[in-house]
Amino acid sequence: MVYGTPKLYAVGELELGKWRKLYGLAQCTRDLSGSDCFKCLDGITGELPHCCNGKEGGRVVGGSYNIRFEIYPFITA
């Protein structure tokens, strides 16, 4: 939950079956409020299936946000 933290930053992982995981990072720039961060990321994550479905990794970068996902750990929490 990025928008609920003072740093507007979160990492997580999702089980993709017995042997695979998807690792993710989402962040907003500090010029956004928590609610604006939520609106921004909510809109972008809703578009991810259209651009990134079936991909093993990817990034979506905008002026006030960054989303990354991979099938390998790329950052420590």
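Derivation of every value follows stated rules applied to the coordinates shown; laboratory data play no part. None of the values given here were measured: they were computed from a predicted structure. Neighbour counts run over all protein chains shown; Cβ positions are idealised from the backbone, glycine included.
The trypsin sites (Lys or Arg not before Pro) of the stretch 9-51 that DSSP puts in a loop, and whose beta carbon has at most 15 other beta carbons within 10 Å, are K18, R20, R30.
Ordering of 46-53, 63-70 by packing is 63-70, 46-53, highest average first (other Cβ atoms within 10 Å, averaged per residue). Where does helix 34-52 land angle-wise versus the long Cα axis of the chain, in degrees 0 to 90, nearest 10? In the chain, helix 34-52 runs at an angle near 30 degrees to the longest axis.
As an equivalent ellipsoid, the chain spans semi-axes of 22, 14, 10 angstrom, where each value is the square root of five times an eigenvalue of the C-alpha gyration tensor, largest first.
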